[in-house]
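Colleague: Okay, handing you the structure first.
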Amino acid sequence: MGLSASKRVKTSLDHSSEFDAACDSAFTHCLSLTQHAFHGVLPYQLLTASDHIHHSLLSLPDDRRLHSLVLKWVPNPPNRTQVDSAFKKVTHDRLEDESLDVIGATRFKEWAVVLYVDAVVGNAGKAVLSRVPIGMAGIAGIGALTRSRREFIGTAVGAYALGVATSIYLSLSG
């Protein structure tokens, strides 16, 4: 199928002017909250920044592809755990004292991409895990009721699982 799901989502976010604008807006908002006392965003502001980015993306017109990606897979802003996890991925060995670190615009955008890639792919994975077993049970139940051959049921289950996974994978490009 080509690129992995996370690379597909990352590519969509990296090439989206709407995502860039949402990140710039959130970065500026955080600077204004500290009255421009710092040259970047402080780590404790990242949850607020995430909420700001999410709100900006959901307020896009419905005809924007990135809007549908975020609306479908990240209907609620990422939580504190997701925000902190993305921050750790971006800063893994670069910090000696996280409490004094100031996040510049480039690293802020990198953090936002990691955050939203993880959120989209994580929620898409949960969708696969919830949809496939339900459909498989339905197919097996119908097969038992109709007394179909096992090979037919196995083929139908496999085709269904592949169809669900492909459908979700294809919906991950914004």
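Colleague: What tally of residues in the range 145-165 results from selecting those that are open to solvent by 70 Å² or more (accessible area, probe 1.4 Å) and part of a helix (DSSP H, G or I)? Give the derivation first.
Modeller: Our first condition is that a residue be open to solvent by 70 Å² or more (accessible area, probe 1.4 Å); within the range 145-165, this holds for 145-147, 149-152, 155, 160, 162.
Cutting the leftovers down to part of a helix (DSSP H, G or I) gives us 145-146, 150-152, 155, 160, 162.
Number satisfying all stated conditions: 8.
Colleague: Could we say that residue 86 is without any contact (Cβ under 8 Å) to a residue 60 or more places away in the chain, among the small types (Gly, Ala, Ser) and open to solvent by less than 20 Å² (accessible area, probe 1.4 Å) here? Walk me through it before giving the result.
Modeller: Values: without any contact (Cβ under 8 Å) to a residue 60 or more places away in the chain: yes; among the small types (Gly, Ala, Ser): yes; open to solvent by less than 20 Å² (accessible area, probe 1.4 Å): yes.
In short, yes.
Colleague: Here are some conditions: (1) small (Gly, Ala, Ser); (2) open to solvent by 70 Å² or more (accessible area, probe 1.4 Å); (3) touching a residue at least 24 places away in the same chain (Cβ under 8 Å). Residue 17 meets all but one. Which one does it not meet?
Modeller: Condition (3) is where residue 17 drops out.
The values are calculated or read from the model by the stated rules, or taken from the named source; none is laboratory data. Values in this document were obtained by computation on a predicted structure and should not be read as measured data. A quick note on method: Cβ atoms are made from the backbone with ideal geometry, for glycine too, and the neighbour counts reach across all protein chains shown. To get the accessible areas, we keep the full protein, side chains included, count just its heavy atoms, and leave off ligands, DNA and RNA. Shrake-Rupley method; radii C 1.70, N 1.55, O 1.52, S 1.80 Å.
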